[in-house]
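The values are calculated or read from the model by the stated rules, or taken from the named source; none is laboratory data. Quantities reported herein were computed from a predicted structural model and do not represent experimental measurements. Glycine gets a Cβ as well: all are built from the backbone with ideal geometry, and neighbour counts include every protein chain shown.
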């Protein structure tokens, strides 16, 4: 019984995260300002990271958890770099 509920909940989470990723991608493409695009990118990498974690929970593979950690690190660095570029106009001082 609990395995069925877990499988249903993980499937629903995958669908919801895929929808959130699609909406974040739309914000990246249609954002009127650069700040909106950076926030869309931030939301997109977080949803991709969570989608990898949910997929790893569903399949039981450790590869997805490692990939989620790499996505988290790369997304954080990209967000900091883009924020610094938007504030100062340069990344490297």
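Annotations
- The lone exception for residue 11 - which of (1) within 16 Å of the chain's Cα centre (by Cα); (2) touching a residue at least 40 places away in the same chain (Cβ under 8 Å) it fails: (1)
- Within the range 24-48, if we keep just the residues that are more than 22 Å from residue 69 (Cα to Cα) and surrounded by 13 or more Cβ atoms within 10 Å (Cβ to Cβ), the residue that is modelled with the lowest pLDDT turns out to be 31.
- Complete set of residues in the range 26-46 that are without any contact (Cβ under 8 Å) to a residue 24 or more places away in the chain and more than 10 Å from the chain's Cα centre (by Cα): 26, 27, 28, 29, 30, 31, 32, 33, 36, 37, 39
This table checks each residue for (1) in contact with a strand residue (DSSP E or B) (Cβ under 8 Å, 6 or more places away or on another chain); (2) assigned to a helix (DSSP H, G or I); (3) closer than 30 Å to residue 3 by Cα.
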residue	(1), (2), (3)
18	no, yes, yes
27	no, yes, no
32	no, no, no
35	no, yes, no
38	no, yes, no
46	no, yes, yes
58	no, yes, yes
64	no, yes, yes
74	no, yes, no
